[in-house]
Amino acid sequence: MGEWYFEYEIQVNRPGLLGDIASLLGMLRVNIVSINGVDEAHRGMLLSTNNEESIQRFISIVSTMENINVTRFRQPKLRDRLAVRHGHYIPKDADEKNTFRFVRDELGILVDFMAELFKKDEHKLIGIRGMPRVGKTESIVAASVCANKKWIFISSTMIKQTIRNTLMGDEFNGNNIFILDGAVTRRATDERHQQLVREMMGMSTIKVIEHPDLFVQHSPYKIEDFDYIIELRHHPDEEITYEIIEKNNGLSETNNFGGFGSFNL
């Protein structure tokens, strides 16, 4: 059964407008899978039918309606599905088409977005930018759970600074989600860790790298190699800088436990 995303802008919000559109879909035997408001004065629908001719007749008719303006009609993309599910579109960078922006109040949408990416069994390199304690690592882990995938920390500061130099058993499974902190890995001097990173980057699996801009500074990779870049902020106007991130990672190497604040596995 084919699916389509249909979105329209309301020109005149008269009573019965949605009922007229729903009735037309019913007469053409086109199913409404889900419906929601997406952004101000816009409504989006996921439609399905076995008859492509019916969907073409529908779009031909509604395009002539004076009370609405058809804004999108296409095979549904991930952003379309999430817009209907959550009620608004995930903002994209105008210049960098693969960059998506979230604020901390939208962690639920972010987790849903990443979980949909994780569910597809294919290679993806995902970078996530954000200041400390904004929810980056927690969102990655939560999305892994939603996608029913096992997550593997290659480097992290989630609890203590962790630097892995080996993988064991089913950790080599390409179905796992590999998580790497670019700031920690960049500072790591253990060659075994760097070799593990190279092996991981060569695997056909999903890899999520926090602080990707720091990671690429001392690696053969470029930001352009990332399939998706996610930016997470406490508020829309927050500037993402790296001075405090590098300072925090430097301080985590020594602490009140006599220098035993990191795990080298």
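A few points about this structure:
- Remark: the Ile10-Met158 segment gains 48.7 nm on full extension, using 0.36 nm per residue and subtracting the alpha carbon distance.
- Nonpolar atom fraction for the range 16-130, defined as the carbon and sulfur part of the 1.4 Å probe accessible area, stands at 44 percent.
- Protection proxy ranking, peptides 207-218, 73-84, average beta carbon neighbours within 10 Å, highest first: 207-218, 73-84
- Lys150/Leu107 FRET efficiency (R0 30 Å; Cβ-Cβ; nearest 0.05): 0.90
- With a Förster radius of 22 Å applied to the beta-carbon distance between His235 and Glu40, the computed FRET efficiency rounds to 0.60.
- In straight-distance terms, cross-link reach from Lys149 covers every one of the lysines whose alpha-carbon lies under 30 Å from its own, apart from those fewer than eight places away in the same chain; here that gives Lys77, Lys92, Lys97, Lys119, Lys120, Lys124, Lys136, Lys160, Lys207, Lys222.
- Taken about its Cα centre, the chain carries a charge dipole of about 480 debye when Lys and Arg each add +1 at the Cβ and Asp and Glu each add -1 at the Cβ.
- Accessible area of His234 in the full protein assembly, 1.4 Å probe (Å², nearest 10): 70
- Toward the positive end of the charge dipole of the chain, with +1 on the Cβ of Lys and Arg and -1 on the Cβ of Asp and Glu, the farthest Cα among Gln56, Ile152, Ile163 is that of Ile152.
- Restricting the range 88-196 to trypsin sites (Lys or Arg not before Pro) in coil, as DSSP defines it, with at most 14 other Cβ within 10 Å: Lys97, Lys120, Arg133, Lys150, Lys160
- Zone of Tyr228's modelled label, taken as backbone nitrogen in the range 188-211 under 14 Å from a point 7 Å along Cα→Cβ: 206-210
- On a per residue basis, the range 80-133 carries 46 Å² of accessible surface, using protein heavy atoms and a 1.4 Å probe.
- Within the range 144-172, backbone nitrogen closer than 11 Å to the virtual label 7 Å beyond the Cα of Met203 toward Cβ: 150-154, 166-172
- Cβ-Cβ distance of Met168 and Asn31, R₀ of 51 Å, FRET efficiency by 1/(1 + (r/R0)^6): the value works out to about 0.60.
- In percent, rounded to a whole number, the relative contact order of the chain is 19, using alpha-carbon pairs under 8 Å and six or more apart.
- Computed [θ] at 222 nm, deg cm²/dmol, the chain (DSSP H ≥ 4; -39,500 (n - 2.57); rounded to nearest 500): -9000 deg cm²/dmol
The values are calculated or read from the model by the stated rules, or taken from the named source; none is laboratory data. Please read these numbers as outputs of a predicted model, since none were measured by experiment. Every residue, glycine among them, receives a Cβ derived from its backbone with ideal geometry; neighbour counts consider all protein chains shown. Each accessible area value is taken on the protein alone, full model and side chains, heavy atoms only, with ligands, DNA and RNA left out. Shrake-Rupley method; radii C 1.70, N 1.55, O 1.52, S 1.80 Å.
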